[in-house]
Amino acid sequence: MNKLGVIDRVDLPVDRIPTRWYNVMPDLPRLPEKYIDNSTGQPVTQEYMERLLVKAMAAQESTLERWVTIPEPVREAYKLWRPTPLIRAVALERELDTPAQIWFKYEATSPSGSHKLNSALAQAYYAKREGHTRLVTDTGAGQWGSALALACRLMDLDLLVFMIRASFHQKPYRRYLMETYGAEVRPSPSTTTEFGRDLLANDPDHPGTEATAVSEAIECVYSDEGSRLSVGAFSNHNLMHHTVIGQELKEQLAEIGRTPDYLIASVGCGSNLGGFSFPFVEDKLNGADLTILAAEPEACAPLTYGEYRLDFADAAGRGPGVHTYTLGHDFVPPPIHAGGLRYHGCAPLVGLIRHEGILDAVAYGQTDVFKAASTFAKLHGYLPAPESAHAIRAAIDIALDCKRTGRDATIVFNYSGHGLLDLEAYGRYNAGLLRDVEREDFSAASLAAMRV
């Protein structure tokens, strides 16, 4: 409560960290389609999944258990920063002159600066327990790579990270952070894999994508029996690990007697949206007047401009085929500063709830996003990651709509990570050098190729 008697922050004691992860699949109108082995055209086998992933992750990927116990070592590690606070954006409300209340779940308190550590700790723990020596992963802007690098250091594992080339050069400080934690970081496309070399031979200036980085990571896993792929956003198990966010949020809103009218999160694949909103999906299906909104970059917006269909999860087609909203696996997004959102498709569970009408989506150009982020920083002092700023942009638009209609709504967005390692992008915005990518049908060629 602040000096004016207004409740502006809700903290939970450490003993209220959730003891279980929530699995949304049993509560959905239908199950997602099975993953497809692209070499056979048939559903993947358990052996296929266990060669790619840690066994526990392969099991969690398809489990229909509604609640999965969090191992005590993982829950103990969560105490480094969890529970995270729920904070009211009072200054933003006043700036907008809106009757709505705007709250944000502040996930940037984690040691690595974002929500990503929720799943990174779990995946590293299970890998170590099963005797693996190395994890291999992809990262976009570097939030996932930073979190997994710290988790692997805590669990005494080696880590190889393929970081999309555009972010590798745009965001060197996240690379330095990963390397400080002990990870090996390579740009994608790289010269160290056959797939990367082929891409660079055709286009020496290829900016890389999450899909190219995943393909290179998979190639390395298949060439080393001791390695396994660690997935930073796309998988069912990853989204499940992040539901500690939404579970805490439910308790915090109950403490102040509010129910959410809007839940907003940025989406690349969907890890922070899934973790933030999945614990509320059953409420929405049972009749709650709740809008769950995904905020995407205009330059790479599969939920807004893509198609729901079977597509490869990676650019080379070596990973499983999945049904979700996609712009085409060979789509190369423009190198925007929200590098963590540059993925051609969203997580299958996020795609499914969009397809079933549970999830809404909106897309923004990056100058609008940075304008919202700059406004928020000036009012509250928190500097959001460009990815998180998409959710702030959407929250502002909804709050202004509430002003027009006089609605006292409860708007909650997920502040998934800080932007203190994104200052080069803010410098470009402040200098007037940041530009929007012109709106075009970016995905036309890649979607057309899938239809052949």
Exercise. Quick one: ARG20 ticks every box in (1) within 17 Å of GLU248 (Cβ to Cβ); (2) out of contact with any Phe, Trp or Tyr (no Cβ under 6 Å at 6 or more places or on another chain); (3) surrounded by fewer than 17 Cβ atoms within 10 Å (Cβ to Cβ) except a single one, so which number is it?
Key: (2)
Quiz item: Among the residues of segment 289-305, which ones are at pLDDT 95 or above, assigned to a loop (DSSP other than H, G, I, E, B) and out of contact with any Lys or Arg (no Cβ under 9 Å at 6 or more places or on another chain)?
Solution: ASP289
Quiz item: Picking from ALA361, ALA391, which residue would you name as being under 27 Å from ASN23 (Cβ atoms), part of a strand (DSSP E or B) and at pLDDT 95 or above?
Solution: ALA361
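Taking helices (runs of 4 or more DSSP H) that do not extend beyond segment 159-269, which have at least 1 residues that are surrounded by 20 or more Cβ atoms within 10 Å (Cβ to Cβ) and within 21 Å of the chain's Cα centre (by Cα)?
In segment 159-269, 165-170, 172-181, 210-222, 236-241, 243-255 are the helices (runs of 4 or more DSSP H) which contain 1 or more residues that are surrounded by 20 or more Cβ atoms within 10 Å (Cβ to Cβ) and within 21 Å of the chain's Cα centre (by Cα).
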Self-check item: Top-ranked residue of segment 277-308 - restricted to ones that are within 25 Å of ARG407 (Cα to Cα) and hydroxyl-bearing (Ser, Thr, Tyr), ranked as surrounded by the fewest Cβ atoms within 10 Å (Cβ to Cβ)
Solution: THR291
Quiz item: Only one residue in ARG129, ARG82, ARG94, ARG51 is closer than 16 Å to ARG20 by Cβ and of a type outside the set (Val, Ile, Thr), so which one is that?
Solution: ARG82
Self-check item: Unique residue being of a type in the set (Asp, Glu) and either farther than 27 Å from PRO85 by Cα or without any contact (Cβ under 8 Å) to a residue 12 or more places away in the chain (or both) when the list is GLU356, GLU387
Solution: GLU356
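Answer with yes or no whether TYR382 is modelled with pLDDT of 95 or more, buried (at least 24 other Cβ atoms within 10 Å of the Cβ) and not in a helix (DSSP H, G or I).
No: the conditions fail for TYR382.
Having 2 or more residues that are touching a residue at least 60 places away in the same chain (Cβ under 8 Å) and either touching an Asp or Glu at 6+ places or on another chain (Cβ under 9 Å) or not small (Gly, Ala, Ser) (or both) is the bar; report the helices (runs of 4 or more DSSP H) wholly within segment 52-136 that clear it.
55-62, 90-96, 117-129
In this structure, does ARG439 turn out to be modelled with pLDDT under 95 and either touching a strand residue (DSSP E or B) at 6+ places or on another chain (Cβ under 7 Å) or farther than 26 Å from GLN252 by Cβ (or both)?
yes
The values are calculated or read from the model by the stated rules, or taken from the named source; none is laboratory data. Just so you know, these numbers come straight off a predicted model, no measurement behind them. Neighbour counts run over all protein chains shown; Cβ positions are idealised from the backbone, glycine included.
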